[in-house]
Amino acid sequence: MSKQQPKADNSSIITKLLASVVIMFAFGFALVPLYEKFCEMTGFNGRTSNTAATADGNMQVDESRIITVEFATRTGRGAPWEFKPEVRSIRMHPGEIKVVNFIVENRTGQNRVAQALPSVSPGEASLYLNKTECFCFEQQPLAAGETAIMPMQFYLDPDLPDSIRRFTLSYVMYDITDQVGSGAVTASRSE
Amino acid sequence: MSTVVADSHDAHDEHHDHKPTGIKRWLFTTNHKDIGTLYLWFSFAMFLLGGSMALVIRMELFQPGMQVVDPHFFNQMTTMHGVIMVFGAVMPAFTGLANWMIPLMIGAPDMALPRMNNWSFWILPFAFLILLSSMFMPGGGPAFGWTFYAPLSTTYSTDSTALFVFAMHIMGMSSIMGAINVIVTIMNMRAPGMTYMKMPLFVWTWFITAFLLIAVMPVLAGVVTMVLTDKYFGTSFFDAAGGGDPVLFQHLFWFFGHPEVYIMILPSFGIISAIIPAFARKPLFGYASMVYATASIAGLSFLVWAHHMFTTGMPTFASLFFMYMTMLIAVPTGVKVFNWVTTMWKGAMTFETPMLFALAFVVLFTIGGLSGIMLAITPVDYQYHDTYFVVAHFHYVLVSGAVFSIMAAAYYWLPKWSGVMYDEFLAKLHFWCSLVSVNILFFPMHFVGLAGMPRRYPDYALQFADINAIVSVGGFLFGFSQLIFLWVVIKAARKQGVPAPAKPWEGAEGLEWEVPSPAPYHTFDTPPKVS
Ligand code: HEM
Ligand SMILES: [Cu+2]
């Protein structure tokens, strides 16, 4: 139509631009796993690992430092329980193994299933927090009216940077009964 | 700079200026000038509509306590105001200017893809119809802010979210089509001799903006899709209970959002770079550095998104990275301001309305840039974040920045569009009313923000009452001042005024001034020769 000399074919530019649009759309979705991986490596979002760590037998306890670990708890939206730590905070040395109990009370007359999700702030600390045992590793069946005491055993990696003197470990306890079904709750946990 | 060798006029056959009439002309038009006009009127309508919503907000905030609207409706107003102004007013205005001016500036007969051009405009009104109609749904329209953070937009939103998402998809498609059109036009339709480094800066800035659009609008489309599937299809992108992360929403949104704010300012830079030399009667100082500064701003805009998220508990290294990157953007931005000021230095300046708006832009945009630098300082942002200080910042860059530049452009090119000179008296009245009121409106927001007044609440602590009353008065003055603008534009559109010569501004440069005013329906059917 135009009498000008096109410098390149219109359709080849359009194809490239449309391809870029598709790539950027896919990139948006690719950011989801990339972000997850990135957070895992850097502790960016304060998630802790959901598999048990094994404490190294000849780990050195660093008695020169005392770290304050605070515990925060929250119930997920609409979750019918009372959920709290036995102590609000503890002071510990890096390399020392500690156990803290969390208490959850199912206030309904039904069997429910709970799942706790941990988060650490500042996020960097999550890289040095190693749990050898945690109720958050598994779904927690809660029989009607049951009060459960759930232990969490952990230590801090002696490599913990000096800049971290205090951090918060928080748990949100979600009600996941609707997703998994309450059939999972069989015998009471005391057995 | 350039001369038209073959006057486009002589090349015309009679039937060429023939155009269809009535509604069909506008519905089926593929003419870049018609489509430009449609975009500009549409954006003006959205500007007035979004502005009325802002006045509802200011009415409620005139006094402490709840008086005019309920909090849920207030939230709908802030959301709609933001979405309409960003996607309905500023972006379509720039696309309209691009449609009108880019072919004229590079000596092309039309945009490269005229049929797609028609589509990219005509889907827009439907997007906004859908968005607006969502306000009549049970539970009301979107009320989660223009940033639609999860979980506000997922767990806690009403079903109007589905319409919101759909509308955003359509707006995104429209923008992407517009951007493709601009890129292909600029790459393929330049007149012989119009090399890249001879293109007017408005063309350059739009060229770069179009690439930004191609890069980030698809990401926006992805985020709204994730919101939709999280809300309706059981995915957990942003739901911690299902293994997702609500903070991820903010990363994705601002990965789009920060480049988006540059999408709304780069074309302004182009406009100001056209107007200041014209009225200072001197060529633009540092043309090449302007091009490189624009490109580096665009590049850097991908590396600063988390300055909107300093308070989400990022590790120190990330905060520092984003803080320094953000401050780095001030360097190319400073280069631009320097170049504009230097262009004026010892120029033979006159102060017609386009120049007045351009000068106001330079000063007020810089104020917005400076508050931006303050916000970029991570530790102080902990105090300023989500206060009215942020509101003051982005209104300085967007209203007295982007919107003022659009008004400057409208006055500068109105004679070319309409064929008559606009009413200079009314235009000056519009300028001075806008200039005074915009500062009454936004400047005091800095103070209440620093004093701790949070944004997005329908009520506030008593000690903020006086300043909010002043701000509201400024808001109404600014709002009603825009009716003068409407009046001026309607007068010009109805050809009431002195006929304009081909080049009404003595110092203006560029091919658009070599075609008659009003620009004929078809221009540059024979390409001009650019020397
Ligand atoms: C020197 C340049 C700039 C710097 C350093 C800067 C910095 C910032 C920072 C740090 C924030 C986040 C504040 C907070 O939420 O606590 C912010 C917000 C914002 N900026 Fe800028 N900015 C600059 C220029 C611009 C420009 C040119 C525009 C648009 C034309 C713009 C539009 C916005 C918007 C819309 C927001 C608020 C978004 C929201 O939360 O709703 N900024 N800016
Ligand atoms: Cu930003």
Legend entry - Hits in the range B:372-431 - residues which are closer than 25 Å to B:G96 by Cα and β-branched (V, I, T): B:V397, B:V399, B:V403, B:I406, B:V420
Inset, instruction - Please state which one of B:T326, B:T333 is touching a His at 6+ places or on another chain (Cβ under 7 Å), away from chain A (no Cβ under 14 Å), in a helix (DSSP H, G or I) and within 14 Å of ligand 1 (Cβ to nearest atom). - result: B:T326
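May I ask you to say which residue of B:V184, B:V261, B:V247 is among the β-branched types (V, I, T), part of a helix (DSSP H, G or I), more than 30 Å from B:I106 (Cα to Cα) and in contact with a helix residue (DSSP H, G or I) (Cβ under 9 Å, 6 or more places away or on another chain)?
Details: B:V184 fails: more than 30 Å from B:I106 (Cα to Cα); B:V261 fails: more than 30 Å from B:I106 (Cα to Cα).
Going through B:V184, B:V261, B:V247 in turn, just one is among the β-branched types (V, I, T), part of a helix (DSSP H, G or I), more than 30 Å from B:I106 (Cα to Cα) and in contact with a helix residue (DSSP H, G or I) (Cβ under 9 Å, 6 or more places away or on another chain): B:V247.
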Legend entry - In the range B:146-163, the residues that are over 18 Å from B:M91 (Cα atoms) and either of a type outside the set (S, T, Y) or within 16 Å of ligand 2 (Cβ to nearest atom) (or both): B:F148, B:Y149, B:A150, B:P151, B:L152, B:D159, B:A162, B:L163
Inset, instruction - Among what's in the range A:27-48 and is facing chain B (nearest Cβ under 8 Å) and among the small types (G, A, S), pick the residue that is farthest from A:C136 (Cα to Cα). - result: A:G28
Legend entry - Criterion violated by B:T205 - all others in (1) away from chain A (no Cβ under 11 Å); (2) without any contact (Cβ under 8 Å) to a residue 24 or more places away in the chain; (3) polar (S, T, N, Q) satisfied: (2)
Inset, instruction - Output the residues belonging to the range B:297-323 that are outside any loop (DSSP other than H, G, I, E, B) and either of a type in the set (D, E, K, R) or away from ligand 2 (no atom under 16 Å from the Cβ) (or both). - result: B:T316, B:F317, B:L320
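Do you know which residues across the range B:264-294 are within 16 Å of ligand 1 (Cβ to nearest atom) and either among the β-branched types (V, I, T) or in a helix (DSSP H, G or I) (or both)?
B:I265, B:L266, B:P267, B:S268, B:F269, B:G270, B:I271, B:I272, B:S273, B:M290, B:A293, B:T294
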Inset, instruction - For the range B:106-119, name all the residues that are within 20 Å of the chain's Cα centre (by Cα) and either surrounded by fewer than 23 Cβ atoms within 10 Å (Cβ to Cβ) or more than 14 Å from chain A (Cβ to nearest Cβ) (or both). - result: none
Legend entry - Options B:V247, B:V219, B:V223, B:V261; residue that is without any contact (Cβ under 8 Å) to a residue 60 or more places away in the chain and either more than 8 Å from chain A (Cβ to nearest Cβ) or within 16 Å of ligand 1 (Cβ to nearest atom) (or both): B:V223
Legend entry - Residues that are surrounded by fewer than 18 Cβ atoms within 10 Å (Cβ to Cβ), modelled with pLDDT under 95 and within 14 Å of chain A (Cβ to nearest Cβ), drawn from the range B:140-190: B:T155, B:Y156
Inset, instruction - Looking only at the range B:352-363, decide whether some residue is away from ligand 1 (no atom under 14 Å from the Cβ), away from chain A (no Cβ under 14 Å), over 17 Å from B:M290 (Cα atoms) and outside any helix (DSSP H, G or I). - result: yes
Legend entry - Inter-residue pairs, beta-carbon under 9 Å, first on the phi > 0 side of the Ramachandran plot and in the range B:497-523, second assigned to a loop (DSSP other than H, G, I, E, B) and charged (D, E, K, R), 6+ apart: B:G497/B:D423
Inset, instruction - Would you check if there is a residue in the range A:39-49 being surrounded by 15 or more Cβ atoms within 10 Å (Cβ to Cβ), of a type in the set (V, I, T) and outside any loop (DSSP other than H, G, I, E, B)? - result: yes
Legend entry - Cβ-Cβ under 6 Å pairs, at least 6 apart or on other chains, the range B:369-387 side within 13 Å of B:M309 (Cα to Cα), far side among the small types (G, A, S): B:T378/B:S319
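The values are calculated or read from the model by the stated rules, or taken from the named source; none is laboratory data. Nothing here was measured: the structure is a model prediction, and the numbers come from that model. Cβ coordinates were reconstructed from backbone atoms using ideal geometry, including for glycine residues, and neighbour counts include every protein chain displayed.
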